[in-house]
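A.B. asks: Please see the structure below; I have some questions.
The values are calculated or read from the model by the stated rules, or taken from the named source; none is laboratory data. The structure presented is a predicted model; accordingly, all values stated were derived computationally and were not measured. Backbone-built Cβ (ideal geometry, glycine too); neighbour counts: all protein chains shown. Areas reflect the complete protein model, heavy atoms only, side chains present, ligands, DNA and RNA absent. Shrake-Rupley method; radii C 1.70, N 1.55, O 1.52, S 1.80 Å.
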Amino acid sequence: MKYTLVLFISVCLMQVIILTNITLFDGQLNGITMWLCTAIFIFSATVFGLSRKPVMD
């Protein structure tokens, strides 16, 4: 699986979580939403960081 696809899916998932919180729950689950988006961001940053090739001097 390409790493850019993982990053794209992560961004889409975060947007769906935020949209769901605003439309269905009227913003009542802001803390849980922020926690989930932060966890997805940390996962995505880790995947991106591990996908980089080391620089050879």
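A.B. asks: Given T38, T46, T20, which one is open to solvent by less than 100 Å² (accessible area, probe 1.4 Å), of a type in the set (S, T, N, Q), free of Cβ contacts under 8 Å to residues at least 12 places away in the same chain and under 16 Å from L5 (Cβ atoms)?
C.D. replies: Going through T38, T46, T20 in turn, the sole match is T46.
A.B. asks: Right, G27: open to solvent by less than 80 Å² (accessible area, probe 1.4 Å) and not in a helix (DSSP H, G or I) or not?
C.D. replies: When the stated conditions are applied, G27 passes them.
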